[in-house]
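*Asks:* Handing you this structure, nothing more for now.
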Protein chains: 2
Amino acid sequence: MQLVCLDLEGVLLPEIWIAVARKTGLQELERTTRDEPDYDKLMHYRLDILKREGIGLREIHEVIGTMEPLPGAVEFTEWLESRVALIILSDTFVQFPKPLMAHLGYPTLFCHELIVGTNGTIDGYKLRLEDQKRKSVKAFKDLNFEVIAAGDSYNDLTMLQEADHGILFRPPEKMKAEYPDFPVATNHQELRENIERRLS
Amino acid sequence: MQLVCLDLEGVLLPEIWIAVARKTGLQELERTTRDEPDYDKLMHYRLDILKREGIGLREIHEVIGTMEPLPGAVEFTEWLESRVALIILSDTFVQFPKPLMAHLGYPTLFCHELIVGTNGTIDGYKLRLEDQKRKSVKAFKDLNFEVIAAGDSYNDLTMLQEADHGILFRPPEKMKAEYPDFPVATNHQELRENIERRLS
């Protein structure tokens, strides 16, 4: 039996932090895992900015409420779920993408948690598991699944390497050059064709 | 982070084999895991009957095409997926419930596979994994999920025991008496309340 693991932001949804950066005018928040592979470093950098600027969960939810999935992502997800078991492996936080997940029909999401104060301040974050993307793929393989995985950035790398078939979706040029063995899909149609070729 | 694992037939869908039994008039096929805890024994018994009667995948799909989810199951699944990550752990076969899964919005399904001949005969079955329900719950716990599980019959027992919280849904009287420690839900509203109490 086969299972598909997908990254969320950059594959199905826009980058939430970038949307927050644009809405708030805080350019510093445009830094993502595509720029900074050290996730803990990136998150502390982000949370420090939010604290300094007095931005809490309510303000972030306001931004997320105005967002939509990437063009083509809804149809792609519908097709994918009708063909094969799907699990989203994301380094987002369960509190973040909820209104956006509704557009996608709430696919199963493995992610992390924010530590939110009673007044809505984001006081920190709790990784459910270090390197969860790779470890989840490993667990699915141990449960006798053949795993197809697709992601767009450095935090997807160990997931793609652990999977039976890894696919890069619109990766940064640097990453594409560094990992030339992964097939590259530049839109959802190509990603669909790439996955379909591997489905039994 | 929390994850809900649900059995499929008897919880969200009617028992497919019972529907096949009624449609074909073959009462012998009404035997389920609720009656026969040894799954391999049960499956060989079923496949022998199908072979003897000349019933293939096409005939079974015809029956499944006429079925609907259990009353209330669609709304229950919608609510559940909007609240928490969901994975269906079933001893069905990936070829069986597809048209019925569409009604439920294709929740992620971990199950097994039938071995189907080119002429549509069901030649055997391939368990993806022995005791997959328990092992899957164990894997999710190792991935740092708190697992809530619900099922209706003997093949759910190890899953319910392995989970952090196990719930029986409309179990046979015998099973309810044998395992009095599990809370019992007799309809989807009660199951929803039982799960909701455990969600953080």
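The values are calculated or read from the model by the stated rules, or taken from the named source; none is laboratory data. Please read these numbers as outputs of a predicted model, since none were measured by experiment. Here the Cβ is made from the backbone with ideal geometry for all residues, glycine too, and neighbour counts use every protein chain on show.
*Asks:* Could you list, in sequence order, all residues of segment B:183-200 that are without any contact (Cβ under 8 Å) to a residue 40 or more places away in the chain, of a type outside the set (Val, Ile, Thr) and outside any helix (DSSP H, G or I)?
*Replies:* B:PRO183, B:ALA185
*Asks:* Checking the condition assigned by TED's automatic domain parsing to the domain that holds B:PHE169, touching a Lys or Arg at 6+ places or on another chain (Cβ under 7 Å) and buried (at least 17 other Cβ atoms within 10 Å of the Cβ), which residue from B:ILE122, B:ILE148 passes?
*Replies:* Unique residue meeting the criteria: B:ILE148.
*Asks:* A follow-up question, please. Quick check: anything in segment B:129-140 more than 26 Å from A:LYS133 (Cβ to Cβ), assigned to a loop (DSSP other than H, G, I, E, B), touching a Leu at 6+ places or on another chain (Cβ under 7 Å) and not acidic (Asp, Glu)?
*Replies:* no
*Asks:* So B:ASP123 passes all but one of these: (1) modelled with pLDDT of 95 or more; (2) more than 14 Å from chain A (Cβ to nearest Cβ); (3) in contact with a strand residue (DSSP E or B) (Cβ under 8 Å, 6 or more places away or on another chain). Which condition number does it fail?
*Replies:* (1)
Okay, residues lined up against (1) touching a helix residue (DSSP H, G or I) at 6+ places or on another chain (Cβ under 9 Å); (2) hydroxyl-bearing (Ser, Thr, Tyr); (3) free of Cβ contacts under 8 Å to residues at least 40 places away in the same chain:
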| position | (1), (2), (3) |
| --- | --- |
| A:LYS98 | yes, no, yes |
| A:LEU104 | yes, no, no |
| A:HIS112 | yes, no, yes |
| A:SER136 | yes, yes, no |
| A:ALA163 | yes, no, no |
| A:GLU173 | no, no, yes |
